[in-house]
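Reviewing the structure listed below.
The values are calculated or read from the model by the stated rules, or taken from the named source; none is laboratory data. All of these numbers come straight from a predicted model, not from anything done at the bench. Quick reminder, even Gly has a Cβ in these numbers, built from the backbone with ideal geometry, and neighbours come from all protein chains shown.
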Ligand code: GLU
């Protein structure tokens with residue numbers, strides 16, 4: 001099996017593109033096949049600098065390494081279509097020779113005039129096809145000598161596929177079943193443009209053939225092009241080697257209504273691209289899953305489920321497990337809702353299951369941005385303490401910054417309601433007993449605090465919240481004794497000594 005991911009570098013690769021790459025990758029791996037990356041960059045007008053690098057980086061980040069492709073080697077290169085231009089011209093000419101394509105000399109102005117003409121007459125949209133082609137200026141309608149003259153004079157032309165009316169194109173889609181198109185409905189697609197560059201259709205089919213692609217897995221939006229692709233395979237006489245097609249369901253907005261778009265990301269403040277993108281204006285720029293603080297393994301797991309499911313209850317799949325479980329048969333037909341909360345849930349699961357050393361590596365840069373570079377051992381404990389409570393990597397900072405920076409605010413609401421000023425001496429006494437601990441470990445601290453509460457006949461609810469507020473500012477957070485151990489004796493005691501007297505002012 002040979003599968004390809006064939007993005008066009010017309011901008012940053014959206015999450016749907018990554019899903020297409022992932023499904024191709026999974027199937028190739030599962031079947032011991034080959035995963036090929038092909039850059040479809042023949043449309044010079046839509047080329048966006050940096051887009052190819054973005055695609056490569058997104059695939060690398062997700063761990064989807066191509067077996068063949070630009071920079072990856074392979075026996076069927078070059079893998080960038082702009083480097084294969086001469087080849088397409090030769091194949092296009094072959095179609096002319098076979099009577100399957102023709103030269104069209106109509107200028108853009110003439111075509112525009114025709115379109116307007118149709119509109120004025122209230123006719124359906126102008127379509128360059130069997131019904132009108134003999135009224136146009138092309139090598140089928142003009143006498144042979146005139147055609148030769150035009151060609152000799154270097155008149156610009158496009159090359160069009162001759163679609164014969166009166167038959168039906170049958171696509172056997174592995175996901176959608178049989179899809180049929182009447183040839184009358186299909187136009188004579190341009191194959192070569194006036195600048196000599198191939199269109200997507202020609203380049204895509206020629207390359208799929210030459211690169212011996214066996215399965216084309218791509219987004220649903222390409223289904224209607226497939227009719228022309230099948231006609232091209234027939235025109236070339238390549239039906240025998242035609243790849244199998246599978247068109248993936250749409251990815252829908254979080255509401256489930258309509259296709260997920262780039263604007264949804266901006267509107268909802270959620271990532272819909274794998275990585276950040278620096279556009280030429282701030283409006284064009286955005287943050288990706290990576291920069292939001294997702295783990296790539298979680299993103300891959302989340303994406304796998306956008307259109308596929310294993311048919312069991314299992315949700316957490318490593319890439320290896322996905323490879324084992326994946327099959328085209330389990331890809332759905334209907335649109336898959338982009339559920340951001342589910343993405344967060346996956347990330348949470350991956351963070352909780354990661355070991356502390358791994359997590360430390362992930363959050364080190366985030367802490368550094370905030371001016372903190374704690375030692376490895378401390379950082380690992382920090383991660384261990386917080387990992388049950390976070391969804392995204394930056395949450396470690398948000399949830400745990402009090403472990404690295406002084407507490408700036410105390411939970412005034414709780415203090416106002418519950419702090420009993422007359423208890424200050426008791427709490428200072430407890431502080432003193434903590435200060436006297438030889439080993440400032442969570443267990444020792446816990447014993448000391450509990451002994452104190454018992455001695456003073458205080459309920460846990462009368463002690464712990466104030467301990468917490470004094471040390472962290474709030475009443476919520478991970479185990480307070482672990483927090484204290486991590487803060488260390490000196491810092492914990494100093495915080496208590498500052499905070500407890502300050503509590504008096506809140507009452
Ligand atoms: N270049 C097309 C794209 O950008 C490829 C579609 C296909 O896979 O045939 O998605």
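Sort out which residues of the range 381-397 are assigned to a helix (DSSP H, G or I) and within 29 Å of the chain's Cα centre (by Cα), and write them in order of number.
383, 384, 386, 387, 388, 389, 393, 394, 395, 396, 397
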Exercise. Taking the range 1-32 as the search range and keeping residues that are in contact with a helix residue (DSSP H, G or I) (Cβ under 6 Å, 6 or more places away or on another chain) and part of a strand (DSSP E or B), which one is farthest from the ligand (Cβ to nearest atom)?
Worked result: 3
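Where residues in the range 255-266 are part of a helix (DSSP H, G or I) and in contact with a strand residue (DSSP E or B) (Cβ under 9 Å, 6 or more places away or on another chain), which of them is nearest to the ligand (Cβ to nearest atom)? Before the answer, list the steps.
Of all residues in the range 255-266, those part of a helix (DSSP H, G or I) come to 262-266.
Next, only the ones that are in contact with a strand residue (DSSP E or B) (Cβ under 9 Å, 6 or more places away or on another chain) stay: 262, 265-266.
Working: 262: 15, 265: 19, 266: 22 Å.
The selected residue is 262.
The rows are residues; the columns are (1) crowded, with 19+ Cβ neighbours inside 10 Å; (2) under 27 Å from residue 89 (Cα atoms); (3) in contact (Cβ under 8 Å) with a residue 24 or more places away in the chain; (4) touching a strand residue (DSSP E or B) at 6+ places or on another chain (Cβ under 6 Å).
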residue	(1), (2), (3), (4)
174	no, no, yes, yes
185	no, yes, no, no
189	yes, yes, yes, yes
199	yes, yes, yes, yes
205	yes, yes, yes, no
212	no, yes, yes, yes
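Residue-by-condition table, conditions (1) under 17 Å from residue 418 (Cβ atoms); (2) modelled with pLDDT of 95 or more; (3) within 46 Å of the chain's Cα centre (by Cα):
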| site | (1), (2), (3) |
| --- | --- |
| 471 | yes, yes, yes |
| 474 | yes, yes, yes |
| 484 | no, yes, yes |
| 491 | no, yes, yes |
| 495 | no, yes, yes |
| 503 | yes, yes, no |
Seminar exercise, completed: When residue 145 is run through (1) over 29 Å from residue 44 (Cβ atoms); (2) in contact with a strand residue (DSSP E or B) (Cβ under 8 Å, 6 or more places away or on another chain); (3) in a helix (DSSP H, G or I), the failure sits at (2)
Exercise. On the given criteria, is residue 94 surrounded by fewer than 19 Cβ atoms within 10 Å (Cβ to Cβ), in contact with a helix residue (DSSP H, G or I) (Cβ under 8 Å, 6 or more places away or on another chain), assigned to a helix (DSSP H, G or I) and at pLDDT 95 or above?
Worked result: yes
Exercise. In the range 223-254, how many residues are part of a helix (DSSP H, G or I), under 21 Å from residue 34 (Cβ atoms) and either more than 11 Å from the ligand (Cβ to nearest atom) or within 25 Å of the chain's Cα centre (by Cα) (or both)?
Worked result: 3
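Within the bounds of the range 370-377, is there any residue that is over 30 Å from residue 257 (Cβ atoms) and in a helix (DSSP H, G or I)?
Scanning the range 370-377, I find at least one residue that is over 30 Å from residue 257 (Cβ atoms) and in a helix (DSSP H, G or I), so the answer is yes.
For every residue, the table says whether it meets (1) surrounded by fewer than 12 Cβ atoms within 10 Å (Cβ to Cβ); (2) in a loop (DSSP other than H, G, I, E, B); (3) at pLDDT below 95.
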{"site": "78", "(1), (2), (3)": "no, yes, no"}
{"site": "84", "(1), (2), (3)": "no, no, no"}
{"site": "109", "(1), (2), (3)": "yes, no, no"}
{"site": "112", "(1), (2), (3)": "no, no, no"}
{"site": "130", "(1), (2), (3)": "no, yes, no"}
Seminar exercise, completed: The condition from (1) in a loop (DSSP other than H, G, I, E, B); (2) more than 16 Å from the ligand (Cβ to nearest atom) that residue 175 misses is numbered (2)
Exercise. Scanning for something under 26 Å from the mean Cα position of the chain (by Cα), surrounded by 14 or more Cβ atoms within 10 Å (Cβ to Cβ) and touching a residue at least 60 places away in the same chain (Cβ under 8 Å), does the range 364-378 turn up at least one residue?
Worked result: yes
Exercise. Can you pull out the residues in the range 38-52 that are over 17 Å from residue 195 (Cα atoms), out of contact with any helix residue (DSSP H, G or I) (no Cβ under 8 Å at 6 or more places or on another chain) and part of a loop (DSSP other than H, G, I, E, B)?
Worked result: 48, 49, 50
For this session: Using the structure shown, decide if residue 156 is modelled with pLDDT under 95 and exposed (fewer than 15 other Cβ atoms within 10 Å of the Cβ).
Result: no
